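The values are calculated or read from the model by the stated rules, or taken from the named source; none is laboratory data. For clarity, every value in this text was computed on a predicted model and none was experimentally measured. Virtual Cβ from ideal backbone geometry, glycine too; neighbours counted across all protein chains shown.
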């Protein structure tokens, strides 16, 4: 998969400036870097939420999924939130079953009928992760999907991401602050600093060493 | 003041046909106009709040300007539309409750749009990004945004109801304050005041306040039940 050359400037400050970059198809690529290194800007441009300076819109196709950092829990039941992202190629029953299974795997089955707006921050993020995993995509962009979760909930969320990748074979771009998470999940790591690619490495250890 | 209070209580329980007719027209006009303004204003305001297109800010500024439209100017405009020389004369809306409702909707609509726009504008980035990530269509995003702001919509309705109930300029011009037809509480208060019958005017004012209070309690109960 090719990420095109992208540049994004906010009021004379370049927040992202990367050359064309190839990432392995069907892999999990962790995008790491410090605060303000351009990770989320890259995710938002790739998802088509914002345009880069050239005005090129990489608007989401039906084959790209995106879970943003502040994914909103809509004022519906948790199950209905998941079903908002129901796979149109599957029957209603299949989607219901899939929603139930995801809720169970993420530990939210007892909240299925509860108003999602009343979940805690960590629960909301678990719900948002389960919601985006309802469909199969070619490319899935996850922007810090476990940042608000407590430590106990993270392994289940990471297992869900790994299982999903194995099942669908999709390419996942995982924006994360945590090198440990990158090590656990990613096949390769894209390291950003001040909007520029510092390295794209197949080895997580190599990046950790940096 | 105390005399007016006593008279207002006496008026309520007197079985006065004129009073009940005035209350009936007032309720019909205020409930209908505020509901219609809400029904039209919420989708438009939501759309303005969540959309990003060239000219959006100009539309918002125009709407905000119309939020300050003087009721008498709106009444005059409607009068000219509905009168014998106006383009809508054939509809015979002048001096009717329907005509008053239309004038009120014209006054309240920019307020409903403006209040909903400013509310959804703050919600918009998160809703847009989340909806975008899930590949939701524009209509689905609009419906979800309206659902997200349902408590605010109830507050907006209460505001519109209060404004409709307190309005006198437009309804007196368009309705003409005709007894047993288009006379509402505010125009009746104005008439009694101009006749020097201050006690009755004040009593009607107190009854109007009580009606407003009861309607607010009713809507607040709906809001609390919905929140639970």
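Just a few scattered comments:
- Residue A:102 vs. criteria touching a helix residue (DSSP H, G or I) at 6+ places or on another chain (Cβ under 8 Å), within 12 Å of chain B (Cβ to nearest Cβ) and either part of a helix (DSSP H, G or I) or surrounded by 16 or more Cβ atoms within 10 Å (Cβ to Cβ) (or both): no
- The residue that is nearest to residue B:74 (Cα to Cα), counting only those in the stretch B:141-165 that are surrounded by fewer than 18 Cβ atoms within 10 Å (Cβ to Cβ) and within 9 Å of another protein chain (Cβ to nearest Cβ), is B:150.
- Test: residue in the stretch A:39-49 that is within 14 Å of chain B (Cβ to nearest Cβ), in a loop (DSSP other than H, G, I, E, B) and over 20 Å from residue A:201 (Cβ atoms): yes
- Summed over the stretch B:74-101, residues that are without any contact (Cβ under 8 Å) to a residue 60 or more places away in the chain and part of a helix (DSSP H, G or I) total 7.
- Among residues of the stretch A:47-76 that are closer than 20 Å to residue A:171 by Cβ, those with a Cβ under 7 angstrom from a residue that is modelled with pLDDT under 80 and buried (at least 20 other Cβ atoms within 10 Å of the Cβ), sequence gap 6+ or separate chain, pair up as A:47/A:60; A:48/A:60; A:66/A:60.
- The condition of being more than 10 Å from chain B (Cβ to nearest Cβ), touching a helix residue (DSSP H, G or I) at 6+ places or on another chain (Cβ under 7 Å) and farther than 23 Å from residue A:26 by Cβ does not hold for residue A:129.
The rows are residues; the columns are (1) touching a residue at least 60 places away in the same chain (Cβ under 8 Å); (2) under 15 Å from residue B:131 (Cα atoms).
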{"residue": "A:96", "(1), (2)": "no, no"}
{"residue": "A:101", "(1), (2)": "no, no"}
{"residue": "A:105", "(1), (2)": "no, no"}
{"residue": "A:131", "(1), (2)": "yes, yes"}
{"residue": "A:145", "(1), (2)": "yes, no"}
{"residue": "A:148", "(1), (2)": "no, no"}
{"residue": "A:155", "(1), (2)": "no, no"}
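- Of A:39, A:80, all but one fail to be over 18 Å from residue A:157 (Cβ atoms) and modelled with pLDDT under 95; the exception is A:39.
- Applying the set (1) more than 14 Å from chain B (Cβ to nearest Cβ); (2) on the phi < 0 side of the Ramachandran plot to residue A:140 leaves exactly one unmet item: (1).
- Within the stretch B:125-140, the set of residues being assigned to a helix (DSSP H, G or I) and either within 7 Å of chain A (Cβ to nearest Cβ) or buried (at least 19 other Cβ atoms within 10 Å of the Cβ) (or both) comprises B:126, B:127, B:128, B:129, B:130, B:131, B:132, B:133.
- Filtered residue count, the stretch A:84-94, keeping only those that are touching a residue at least 24 places away in the same chain (Cβ under 8 Å) and either under 15 Å from residue B:130 (Cβ atoms) or away from every other protein chain (no Cβ under 13 Å) (or both): 2
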